[in-house]
Structure formats: C-alpha cells, structure tokens
Amino acid sequence: MVATSRQLQQLSETCSHCSLRYLCLPYGLSVADVGRLEALVRPGEPLELGDELFAQGDDLQNIHAIRDGSMKTVVVDADGFEQILGFYYPGELLGLDGFADQRHHCTAIALEPTTVCRIPVDRLDALVDDLPSLRHQLMRLMSQALSDEEQLLLTLGRKNSEGRITSLLLTLSRRLALRGLAGDRVPLSMKRNEMANFLSMRLETVSRVFTKLQRDHVIKVAPGEVEILDMGALRERSGQGAWVADQS
C-alpha cells in the first residue's frame, strides 16, 4: 500500500511539532526531554479499516500513540467469543496492557483509516530511568486506564440500557474536552453492533435507545457522529439507579 503525500507529511511530524504533544506521553516534559523522547518515536504504517496494529498474544515491542483515526481493542476467549474492550482516539495510547508480562492481552483493530506513532519499549525503559517526569507520566496514563476500566465495570453492572449508552456518550465527550475540542459533537466511528458488544446489549436495544434520546431532543444522530443537544439531560439519564435487566 502506497502512502499519499498527505499521509507522508503527517508521518514526518514528530513530538515537538505535533498538535497532540500535550495529550500523550510528552505531556509534562520539558522541551529538552521531549527532544530525547522524540528521538525514539517512529511512524507506523498507515492502517486501513479492519487492519490489526497488534494481536492478542504478541510480544510487547512498542507503545503506540494514535495520531489520527480511531481503533478498538478486542479479546477472544477459548470458545472464540469476541468481546470489545474499548475505543481509542487521537492522543490516546495503545499497548499499555502488555507491561505486566511483556505480552499483549488484546488485539487492536482500526475502525477507519488511522495513523499511529510507535515507541520501542526497550528504548523507552532506558529513558524512563533517566527522566522521572516521563516515569510519572507513564504512571498517570496507566492509572487513568485502570480508572476507565473501573468505570466501565460500574456502567455494565449497575445501569440500565439508557444509562449505559448515555454514560458512553459522556465518556467520549469528556475525552474530546481533554483534547481541547468541543464535547457536544461525539464522533462514532464504531458500528452499532460494536457498541452493543462493548456495552453487553442487544443491537435492537441500542437502536431503540438512540431513537428515544433523539425523539426527546437529548441528542441528534448524524452519519458518523452524535450531537449532544442537552448535556444536562444526558448527565441526568446516565445517573439512573441500579441496573435492571433489559427484557426486550
């Protein structure tokens, strides 16, 4: 696959000139330290829809930062059942799952044309020993990942179908705000069946909840995105009580 001139220009940019430098590893580093980290960063091959960045069981070789596009992570159990673990957007890191035993425990798949930066783990380990600020940033990112997983368990375990979907929309909106972008337009590069898998819901239930939220003027659904019309109402509906099994 031959990269376009636009893709080559994007891939030629590195940390010191990257608009995402405050979103992933470089955040909190001095200019000099960013230069040292920048020397480790390598552009990954452009990914197309459905391409794998790494696979479950692969040895951990790189940490990946998404430059543009989006990805999902999935895990497949012994019976072949595929469960989606999360969705990832520009400025977010992939590969942290492999730090425990140097092996990936999920597969990362592109949801659309996507480009990433890769940082070799062995060289990153050596740099972390010299840069306490980089070690702190890695710990912050890992803590954030754990917090997101805990919030997911809470969402799946205690909320009804509307609470699950509104919580997901609010989470994606918050992540946009952290990138300095408006949080009222949430990109949805995943398909409805992928969202249903992620939230442990039925596809028809996901469609029904979106229809209801749109009918109540809480959101407006457009191709590839959801516009949040009433943030207060969305927050209120995400805070419903204990989870009730959906009978539909």
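The values are calculated or read from the model by the stated rules, or taken from the named source; none is laboratory data. Everything numeric here is computed off the predicted structure, so don't read it as measured data. Using ideal geometry, Cβ is built from the backbone for each residue, glycine included, and neighbour counts are taken over all protein chains shown.
For the subset of the stretch 79-100 comprising residues that are among the aromatic types (Phe, Trp, Tyr) and surrounded by fewer than 18 Cβ atoms within 10 Å (Cβ to Cβ), which member is farthest from ASP68 (Cα to Cα)? Here the answer is PHE81. Please find, within the stretch 233-248, the residue that is modelled with the highest pLDDT out of those that are of a type outside the set (D, E, K, R) and within 24 Å of the chain's Cα centre (by Cα). Restricting to residues being of a type outside the set (D, E, K, R) and within 24 Å of the chain's Cα centre (by Cα), the top hit is LEU234.
Close Cβ contacts (under 6 Å, 6 or more residues apart or on different chains) running from residues in the stretch 39-60 that are farther than 23 Å from ARG103 by Cβ to residues that are in a strand (DSSP E or B) and among the polar types (S, T, N, Q) comprise PRO46/THR115. The criterion of at least 2 residues that are of a type in the set (S, T, N, Q), surrounded by fewer than 17 Cβ atoms within 10 Å (Cβ to Cβ) and at pLDDT 70 or above is met, among helices (runs of 4 or more DSSP H) falling completely within the stretch 136-221, by 203-215. Does any residue of the stretch 39-52 turn out to be modelled with pLDDT under 75, in the same structural domain as TYR89 (by TED's automatic domain parsing) and surrounded by 14 or more Cβ atoms within 10 Å (Cβ to Cβ)? There is at least one residue in the stretch 39-52 that is modelled with pLDDT under 75, in the same structural domain as TYR89 (by TED's automatic domain parsing) and surrounded by 14 or more Cβ atoms within 10 Å (Cβ to Cβ).
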